[in-house]
1. In deg cm²/dmol and to the nearest 500, what is the mean residue ellipticity at 222 nm of the chain if only DSSP H runs of at least 4 residues count, each as -39500 (n - 2.57), divided by the residue total?
2. What shape does the chain take by its C-alpha gyration tensor, where a ≥ b ≥ c are the square roots of the eigenvalues and a/c under 1.5 counts as rounded, a/b above b/c as prolate, and the rest as oblate?
3. Let's see if you can work this out: charge +1 on each Lys and Arg Cβ, -1 on each Asp and Glu Cβ, no other charges. What is the dipole magnitude of the chain about its Cα centre, in debye to the nearest 20?
4. Quick check: residue separation of residue 22 and residue 63 times 0.36 nm, minus the Cα distance between them. What number comes out in nm?
5. Put a dot 7 Å past each Cα toward the Cβ at residue 15 and residue 50; how far apart are the dots in nm?
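Taken together, the values in this text are just the output of simple stated rules run on the coordinates, not laboratory data. What you are looking at is a predicted structure, and each value in this text was computed from that prediction instead of being measured. Methodologically, a virtual Cβ is constructed for each residue, glycine included, from the backbone with ideal geometry; neighbour enumeration extends over all protein chains shown.
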Amino acid sequence: MDWWNRLKVFLHEVVVETKKVTWPTKQEVINTTTVVIIASFIFGIYLYLCDLAFYKLVNVVFSVFRVFT
């Protein structure tokens, strides 16, 4: 039964620690979610443009050295 007492103590400590957490407000969650979504789009567009540029660069290099894929 020692495991039962340890489980009860653990769960009690979880409840105590959870009460100490400062939960974000609804507006904070909305703001941070918006920032993440916008940043994801910006980085996605940036990476797409980098990929496109490298693709064209590799094609130019291949055409100069007459290497075909």
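1. Numbers: 2 runs with 58 residues, N = 69.
Value at 222 nm, helices only: -30500 deg cm²/dmol.
2. Numbers: a/c = 10.26, a/b = 2.55, b/c = 4.02.
The shape class here is oblate.
3. Numbers: 7 positive and 5 negative charges, 20 e Å.
Value, rounded to 20: 100 debye.
4. Working: separation 41, 0.36 × 41 = 14.76 nm, distance 5.96 nm.
Extra length from residue 22 to residue 63 when fully extended: 8.8 nm.
5. 5.0 nm
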